[in-house]
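Written out below as structure tokens is the structure these notes cover.
Just so you know, all these numbers are worked out from the coordinates, no wet-lab data involved. Since the model is a prediction, treat every value here as computed from it, not as a measurement. Backbone-built Cβ (ideal geometry, glycine too); neighbour counts: all protein chains shown.
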Amino acid sequence: MSMPEPSLAECDEVRTRVDNRVGFIELNRPQALNALSLPMIRAMHAALDAWREDPRVLAVVVRSLHPRAFCAGGDVRYFYEAGRRSDVAARDAFFIEEYSLDHAIFTYPKPYVALMHGVVMGGGMGISQGAHRTGGLRIVSETTKMAMPETRIGLFPDVGSGWFLARTPGAIGRYLAVTGATIDAADALYAGLADAYLDTSAIPPLIDALSTAQLTDAKDVLACFEGFVSRAAPPLVRQGEGGRPAVLSLAAMRWWIDRHFAQPDVASIVASLEAETEPGAREWAQETIGVMRERSPLSMAVSLEVVARAEGPMSDCLRRDLDLTRSIFDHGDIIEGVRARIIDKDDRPVWRIARIEDVTRAEVEHMFVSAWTPDTHPLRQLIG
């Protein structure tokens, strides 16, 4: 059995180490469900930079050291307080470094594997979804709860997630972006937001196998994973009243989602849902309308546009995400949304535009205006 090499950049919130030619990034901020702080982002990026050209590291594995969450997002309180102080520099620094990390993962030259058990939301999507592009794996489990719930707090699906949502089947990405719906492992696999399934009970033996296997190249690392994972998730049945599933699967809702969320704007989506008369679909439509009426109307409109504009390279998506963070703080609902949902927890946000039907195309377009020129953009160096 090989002995682990010394940690590269060990800190309280992230532990990094190399064991048997595999680089491990282990998230260790359980009190915040591994929400990404700036020190965590920097430690992760430093490890990836150090291992990028190191022949002693064949692949990278990112995981949580705690069962409840892989990563629940970014440090919302940090950028909320920066916004309240009008500290634009601190706010920008957080998002610039977070998005730079997301891009580094997306373009990483070695397989990057994300073990996505527990809560996987917001920034957790940013540090996991790019694994698919590296030849690595996005692995979900029976505990996975995946979402981009940003419209609930007046934000939008950032961290480049629009790129992945735009490439889901049918209108699923538009549905997930607007509603912030939480999905399980089977849904994630169906939507193309995960590659494989692994029960959490199998994670310790997998880690042990990685530490003892004969690894000569990246293919050996991936072969080790393939010996444990499945390409399908076992069905997770949540019983509701009368034996009806409490939460329908994406596959079961697919026809309804495509019918309604292919509409050109959020007001049209709501109108389409309100006109639904098919048995079963009618109840789902009413529930969906109820969810949307609680979200920020402007953020939902922006989120729909984020997915619509995500046909280009990831670098363009991340630059656009950074532009939108400026706009969402200056002209949007993020401060009020975080106050109502997270700080005061009165759950009664007063959105800048109260009604979905009152959001205009001009207001949505205005949110996408960049504060920088192409030559001065903080993420201008990102390619691909």
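A few points about this structure:
- Between the helical axis of 38-52 and the longest alpha-carbon principal axis of the chain there is an angle of about 50 degrees.
- Taking label points 7 Å from Cα along the Cα-to-Cβ direction, Ser268 and Arg84 give a separation of 4.0 nm.
- You can think of it this way: the chain between Ser370 and Ile383 has 2.9 nm of extra reach, that is 0.36 nm per residue less the Cα-Cα gap.
- Reciprocal mean inverse distance between Cα atoms of the chain - Kirkwood radius, Å: 21.3 Å
- Computed from Cα atoms, the angle from the helix 314-331 axis to the main principal axis of the chain rounds to 50 degrees.
- Here the range 46-130 is treated as an ellipsoid with the same Cα gyration tensor; its semi-axes, largest first and in whole Å, are 26, 17, 9.
- Ranking of Ile353, Ile25 by neighbouring Cβ atoms within 10 Å, starting from the fewest: Ile353, Ile25.
- Length gained when the stretch Ser249-Thr216 is fully extended (0.36 nm per residue, less Cα-Cα span): 7.8 nm
- Between the Cα long axis of helix 281-294 and the first principal axis of the chain there is an angle of about 90°, rounded to the nearest 10.
- Placing unit charges on each Cβ (+1 for Lys and Arg, -1 for Asp and Glu) gives the range 265-372 a dipole about its Cα centre, and among Trp284, Val270, Val306 the Cα reaching farthest toward its positive end belongs to Val306.
- Neighbour-count ranking [beta-carbon atoms within 10 angstrom, fewest first] of Val306, Val120: Val306, Val120
- Calculated on the alpha-carbon coordinates, the convex hull of the range 200-356 measures out at 214 cubic angstrom per residue.
- Net charge dipole, the range 270-384: roughly 360 debye, given to the nearest 20, about the Cα centre with Cβ charges of +1 for Lys and Arg and -1 for Asp and Glu.
- Local net charge near Gly126, Cβ-Cβ under 10 Å (Lys/Arg +1, Asp/Glu -1): -4
- Those trypsin sites (Lys or Arg not before Pro) in the range 8-39 that DSSP places in a loop and that have at most 13 other beta carbons within 10 Å: none
- The range 271-347 shape via C-alpha gyration tensor axes, a/c threshold 1.5: oblate
- Here Ala93 and Asp358 are evaluated by their C-beta separation; at R0 = 45 Å the FRET efficiency comes out at 0.85.
- Note on Arg348 and Ile207: the extension gain reaches 46.3 nm, defined as 0.36 nm multiplied by sequence separation minus the Cα-Cα distance.
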